[in-house]
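Structure record follows, encoded as structure tokens.
The values are calculated or read from the model by the stated rules, or taken from the named source; none is laboratory data. What you are looking at is a predicted structure, and each value in this text was computed from that prediction instead of being measured. Using ideal geometry, Cβ is built from the backbone for each residue, glycine included, and neighbour counts are taken over all protein chains shown.
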Amino acid sequence: MRHKRISRTRWPVIRDPLFGPLRRHIGSFEANLSEQGYTHGVIDNKVRIVRHLNRWLHQKQISLHDLDESQVNKFLRYYYEFHNSGCGNILTLKQLLGLLRNSNAITPPVNINNDDELSLITRKFTGYLRKERGLSPLTLKNYLPTIQRFLSWRFKSNAIVPVNIKPRDVTTYLFNQTKKYSLRCVQLEASALRSFFRFLRFRGDVSIDLASCVPTVANHPRSELPKYLPPEDVDRLLRSCDKTRIVGIRDYAILLLMARLGLRAGELLTMTLDDIKWEEGTITIHGKSGRDEVLPIPKDVGKAIVKYLQIGRPKCATRRLFVRTKAPFRELARDGSICCIVRYACKRIGIEPLHQGAHLLRHSLATRMLNKGASMAEIAEILRHRSTQTTEIYAKVNLRSLRELAKPWPKGAI
């Protein structure tokens, strides 16, 4: 029997709730949404569903201590009997639970499913990498998604039992990855898996040496030509940004930094407002292995950043330079965010290079400098390479530079 739809008048919005376990937290929730940059209309909608939850908890005599995901799901099933389902309601109530847990108003979730097992084992692996191996945060950031993907692929929704991992599972997984990602990415995944299997054996979770079962991924980066765009395509890429829109202003500044200074995606993500010294005309780059480099700010780059700060960057608490253009306003969290900006720009001008990641503009800058007569040492300095051997890959696109690198033919050789 279908439920008769009840008029919205049966669900009055209580602006100042006198009852319910959430009555003291609705104001702080509303303030938190405002700090994250949500508009008044969105805040009203989010607060409305929280007020309905508060009223339902009061009617069911459920205390704040008992509020968790299961109670939220029960409320939503009841709520959707009388209202059209809203796609943002689940996210809103997850935000509420997060805020309540951060303030210790409710208890953390209990680890009862596969997702929690996955989180537990990855947390322990993170501690092992940090304390026992002393690896950098960037390495941890690269390793953990691989382990999560592998365990999710191997065990799916079943319990995670490391002893059930077989050598053929490892080889099958990596072979499948070669169909989706570049060989360089698969190499990184292989390194992450070796480290993870050493961790499992260190803890006694497995008895066989799975690390030795991880196959070597053959990839010789110096055997290929660097992926780059000609100067005219780089210029078209920059012009494709719609600087009448906030997102276009931000993306133009990001693309210009990569095109003029050859920045990596991670260097853009970690850049802060304090890294820019306007009086000196310099910017501090937080590079690989914790190394900081100070670079001069080109005139067009400085103008793009100033316009972004004046018009494009929303008010928010984070000191990171580049943030989201939609609420919640926070820093860009992943390298993939920068890669997407490059990919969409390529799509706008109708080109489809083989590699469309953040390094595309870095390679383009090096190739452009080489063709204008810059030396390998000068290019290595701009790209902040530790060794000029890393820079020598760009010599392949310039015959003159290849002659400079070629060693003389040994005398007497046939």
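Which of the residues that make up the range 345-364 are free of Cβ contacts under 8 Å to residues at least 24 places away in the same chain and either crowded, with 17+ Cβ neighbours inside 10 Å or over 13 Å from D233 (Cα atoms) (or both)? Within the range 345-364, just Q356 meets the criteria. Pairs meeting the criteria (first residue in the range 131-151 and more than 14 Å from F199 (Cα to Cα) and free of Cβ contacts under 8 Å to residues at least 12 places away in the same chain, second residue assigned to a loop (DSSP other than H, G, I, E, B) and of a type in the set (D, E, K, R), beta carbons under 9 Å, at least 6 apart or on different chains) are K141/R334.
Filter the range 139-175 down to residues that are of a type in the set (K, R) and over 22 Å from G204 (Cβ atoms) and give me whichever is farthest from the chain's Cα centre (by Cα).
The selected residue is R168.
Counting just the residues of the range 330-342 that are part of a loop (DSSP other than H, G, I, E, B) and either in contact with a helix residue (DSSP H, G or I) (Cβ under 9 Å, 6 or more places away or on another chain) or not basic (K, R) (or both), which one comes out surrounded by the fewest Cβ atoms within 10 Å (Cβ to Cβ)?
By that ranking, first place goes to A333.
One residue stands out in the range 210-223 among those that are assigned to a loop (DSSP other than H, G, I, E, B) and surrounded by 12 or more Cβ atoms within 10 Å (Cβ to Cβ): the one that is modelled with the lowest pLDDT, namely N219.
Could we say that T367 is in contact (Cβ under 8 Å) with a residue 24 or more places away in the chain, assigned to a helix (DSSP H, G or I) and either farther than 21 Å from T270 by Cα or not small (G, A, S) (or both) here?
So T367 fits the description; yes.
Within 25 Å of N32 (Cα to Cα) and assigned by TED's automatic domain parsing to the domain that holds S240: is that true of P296 in this structure? When the stated conditions are applied, P296 does not pass them.
Only one entry of L193, L188 meets the criterion of being buried (at least 16 other Cβ atoms within 10 Å of the Cβ), among the aliphatic types (A, V, I, L, M), modelled with pLDDT under 90 and within 17 Å of T122 (Cβ to Cβ), and that entry is L188. When C213 is tested against (1) closer than 30 Å to G350 by Cβ; (2) touching a helix residue (DSSP H, G or I) at 6+ places or on another chain (Cβ under 6 Å), only condition (1) is not met. Inside the range 170-182, residues that are surrounded by fewer than 16 Cβ atoms within 10 Å (Cβ to Cβ) and part of a helix (DSSP H, G or I) make up a count of 5.
Looking only at the range 56-84, residues that are within 30 Å of the chain's Cα centre (by Cα), free of Cβ contacts under 8 Å to residues at least 24 places away in the same chain and within 25 Å of P328 (Cβ to Cβ) come to 1 in all. Evaluate the range 343-356: report whether one residue or more is modelled with pLDDT under 75 and under 18 Å from S240 (Cβ atoms). Yes: the range 343-356 contains one or more residues that are modelled with pLDDT under 75 and under 18 Å from S240 (Cβ atoms).
Return the residues of the range 112-155 that are more than 24 Å from S212 (Cα to Cα) and outside any helix (DSSP H, G or I); say none if nothing qualifies.
First, pick out the residues of the range 112-155 that are more than 24 Å from S212 (Cα to Cα): 112-117, 119-120, 137-138.
Correct list: I112, N113.
Please verify whether A327 is within 30 Å of L91 (Cβ to Cβ) and surrounded by 15 or more Cβ atoms within 10 Å (Cβ to Cβ), treating the condition exactly as stated. Judged against the criteria, A327 is a match.
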